[in-house]
Amino acid sequence: MVQGNREIDAAHLVNTTWGEHLARLDQDPRATHEPVGHLKEFDLLKHFPALRDDLDPSALFPRGSVVSHQAWIGPAHARTGLHHDLLDNVALTLRGRKRFYLLPPGSVEAAQLVSRKFDRWARLSVLGVDALAQRLEAQGLAAPQVVDLGPGDALYVPRGWWHEVVNLEASVLLSGFFGSRRRTWGLWLQTGALQLAHNAGLWRRGHCTCHSRATGPG
Ligand SMILES: [Zn+2]
């Protein structure tokens with residue numbers, strides 16, 4: 001489980017149990033003063049295959065594409081930092097409500113705010129969407145687009161589109177990354193080599209979304 005905002009702050013990964021995490025979903029993290037715990041990239045259908053009786057994610061994706069789907073499960077106010085993914089994405093809300101802030105490809109790049117922090121499948125922004133929106137407004141540029149999703153709503157986020165996502169309520173999201181075989185396997189090899197170098201401490205060591213800062217020296 002991830003605590004806080006690993007896209008902007010140091011990544012903080014903690015162990016929890018399924019029961020503990022679900023019990024905290026209904027609590028307002030601001031009332032308990034605990035960091036918001038967000039279970040990310042969880043393989044929901046592998047752990048609970050009976051859900052496949054009600055849910056057929058393949059219906060959402062183009063035929064012949066390679067798909068990897070994972071669930072994001074968190075309480076109200078859980079969020080991701082501003083980022084864009086390297087693959088196309090369909091986000092399907094199963095329970096609760098979520099808000100997506102969206103900015104077109106090139107917008108964070110033009111503001112020279114792309115982070116050097118390592119994430120195998122995404123690029124991250126130095127600033128969150130609130131701070132970036134203020135800056136865009138001051139420059140007379142368009143504000144981020146806002147899309148709210150409820151249960152059963154799906155949103156297609158093309159690769160390269162910057163997005164930051166916040167839970168308006170405790171929610172369960174099934175997210176599917178997909179791409180053509182050629183693009184997906186090409187990226188898998190390229191990013192896999194970087195991940196190996198990173199794991200060996202040769203690339204962006206201590207500056208990533210995959211390792212807790214506390215596990216080793218910077
Ligand atoms: Zn790492």
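One table, with the values for the structure above:
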read-out	value
Solvent-accessible area, 1.4 Å probe, carbon plus sulfur percent, for the chain	54 percent
Cβ-placed point charges (K, R +1; D, E -1), dipole of region 23-64 about Cα centre in debye, nearest 20	160 debye
Histogram of C-alpha separations across region 1-95, 5 Å bin width, %	2, 11, 20, 22, 19, 14, 9, 3, 1, 0
Label-point separation, residue 120 to residue 181 (7 Å along Cα→Cβ), nm	2.2 nm
Pair residue 112, residue 20: separation of 7 Å Cα→Cβ label points (nm)	4.4 nm
Kirkwood hydrodynamic radius of the chain, from inverse mean 1/r over distinct Cα pairs, in Å	18.3 Å
Isotropic mean projected area of the C-alpha convex hull, region 95-218 (nm²)	9.5 nm²
Electrostatic dipole magnitude of the chain [Cβ: Lys, Arg +1; Asp, Glu -1; Cα centre; debye, to 20]	780 debye
Value at 222 nm in deg cm²/dmol, rounded to 500, when DSSP H runs of n ≥ 4 in the chain each add -39,500 (n - 2.57)	-6000 deg cm²/dmol
Most mobile of 71, 122, 142 in a GNM of the chain (Cα contacts under 10 Å)	142
Gain on full stretching of the segment that runs from residue 28 to residue 58 - 0.36 nm per residue minus C-alpha separation	7.4 nm
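The values are calculated or read from the model by the stated rules, or taken from the named source; none is laboratory data. Computed from a predicted structure; not experimentally measured. FYI the Cβ positions are ideal-geometry reconstructions off the backbone, even for glycines, and counts take in every protein chain you see. Areas reflect the complete protein model, heavy atoms only, side chains present, ligands, DNA and RNA absent. Shrake-Rupley method; radii C 1.70, N 1.55, O 1.52, S 1.80 Å.
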